[in-house]
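Enquirer: Provided herewith is a single structure, encoded as structure tokens, for subsequent inquiry.
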Amino acid sequence: MNIQWYPGHMAKTRRELTENISKVDLVAELIDARIPVSSRNPVLAEIAGGKRRIAVLNRADLADPSQTERWKNALIKELGYCIVCDSKSGRGCNAFLTEARKALSEKIARLEAKGMSSSLKVMIVGIPNVGKSSFINRISGKKAARAEDRPGVTREKQWYRLSNGLDLLDTPGMLWPKLGDEQTGLALAYTGAVKDEILDTWELSLNLISALMTAAPGAISGRFGVEEAPAADPQEVFDAIAAKRGMIRRGGEVDQERTSAVLLDEFRSGKLGRITLEKCL
């Protein structure tokens, strides 16, 4: 499946991140807990340079808890700091300030020794639709940033001054110019990081069915009540879902658009269960 995803504003976002990195003390990298590999921008390490980074495993309410714990440990080993949260409910978000201050404890100590304010500047980064604005709203305790369940809502960088000693720089979601492999693009499309409008959602749904049968056997049958043999043909499973949900047109033709929309929505909203598509071995 060919996914084209790097519009002009993404290149602009990269330039802005590079220009603003010197103004911040810490980079908070939001990662989708369902796809902790594919949702990490590989150019971020280059842009961040020597800045301290903290990983934020967001959407943890939609991911397998045991896998999330494994990924948390792996990210702590890599970066030194990681929190697990769900920015929609707010669960786990309060840990961010503690970890941020821990990451910058040496700088804070130096400032306090001089009698200076220990206000910290943090850049919030991540791919589109990973929940950056919702996360900012949670840790600020107010609706400071516009948040919607679709990619591309934040289009310009924005500073937010919080009462808890943090200045946050919210940045537009940024993808990268070249895919490492097709599976990365598919994983991002499954979770909504790429706009559905530019995708063949029927083909994407067939790929998702295959991915779910591998990563979460029984999730489809449990939700839709259809047979899901290990070697089942994704198209047959798709057609069975359409029949179960009454999405058959007059003449017996499957309504591919509606069925695709339902399958993608129910995966993204967690109705198929808490699923991690990329396992931490």
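The values are calculated or read from the model by the stated rules, or taken from the named source; none is laboratory data. Computed from a predicted model, the values in this text were never measured in an experiment. Because the Cβ atoms are built from the backbone with ideal geometry, glycine has one as well, and the counts that use them run over all protein chains shown.
Enquirer: Kindly provide the set of residues from the range 102-143 that are among the hydrophobic types (A, V, I, L, M, F, W, C) and farther than 20 Å from Glu16 by Cα, ordered by number.
Expert: Ala103, Leu104, Ile108, Ala109, Leu111, Ala113, Met116, Phe135, Ile139
Let's see how each residue does on (1) hydroxyl-bearing (Ser, Thr, Tyr); (2) modelled with pLDDT under 85; (3) out of contact with any Phe, Trp or Tyr (no Cβ under 7 Å at 6 or more places or on another chain); (4) in a loop (DSSP other than H, G, I, E, B):
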residue	(1), (2), (3), (4)
Phe96	no, no, yes, no
Arg110	no, no, yes, no
Asn137	no, no, yes, no
Lys143	no, yes, yes, yes
Arg150	no, yes, yes, yes
Ser163	yes, yes, yes, yes
Tyr190	yes, no, no, no
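Enquirer: When the range 204-226 is examined, which residues are found to be aliphatic (A, V, I, L, M) and part of a loop (DSSP other than H, G, I, E, B)?
Expert: Ala216, Val226
Enquirer: In the range 212-238, what residues are of a type in the set (Gly, Ala, Ser), closer than 12 Å to Phe267 by Cα and out of contact with any Leu (no Cβ under 6 Å at 6 or more places or on another chain)?
Expert: Ala216
Enquirer: Given the structure, is Glu228 touching a Pro at 6+ places or on another chain (Cβ under 8 Å) and over 30 Å from Ser87 (Cβ atoms)?
Expert: yes
Enquirer: Under the condition of being over 24 Å from Lys195 (Cα atoms) and of a type in the set (Ser, Thr, Tyr), which residue from the range 90-141 is farthest from the chain's Cα centre (by Cα)?
Expert: Out of the qualifying residues, it is Ser117.
Enquirer: Go through the range 227-279 residue by residue and tally those that are farther than 21 Å from Leu199 by Cα, in a helix (DSSP H, G or I) and among the small types (Gly, Ala, Ser).
Expert: 2
Enquirer: A follow-up question, please. Given the conditions (1) surrounded by fewer than 19 Cβ atoms within 10 Å (Cβ to Cβ); (2) over 17 Å from Asp200 (Cβ atoms); (3) touching a residue at least 12 places away in the same chain (Cβ under 8 Å), and given that Gln235 satisfies all but one, which numbered condition is not satisfied?
Expert: All conditions are met except number (2).
Enquirer: Of all residues in the range 50-94, which are assigned to a helix (DSSP H, G or I), in contact with a strand residue (DSSP E or B) (Cβ under 6 Å, 6 or more places away or on another chain) and surrounded by fewer than 21 Cβ atoms within 10 Å (Cβ to Cβ)?
Expert: Asp61, Lys72, Ile76, Leu79
Conditions (1) charged (D, E, K, R); (2) within 24 Å of Gly141 (Cβ to Cβ), marked per residue:
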| site | (1), (2) |
| --- | --- |
| Arg34 | yes, no |
| Asn73 | no, no |
| Ala95 | no, yes |
| Gly115 | no, no |
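Enquirer: Is it the case that some residue within the range 22-32 is at pLDDT below 85, closer than 17 Å to Ala100 by Cα and buried (at least 17 other Cβ atoms within 10 Å of the Cβ)?
Expert: No, the conditions are met nowhere in the range 22-32.
Enquirer: Being of a type in the set (A, V, I, L, M) and within 20 Å of Leu62 (Cβ to Cβ) narrows it down to one of Leu168, Leu208, so name that one.
Expert: Leu208
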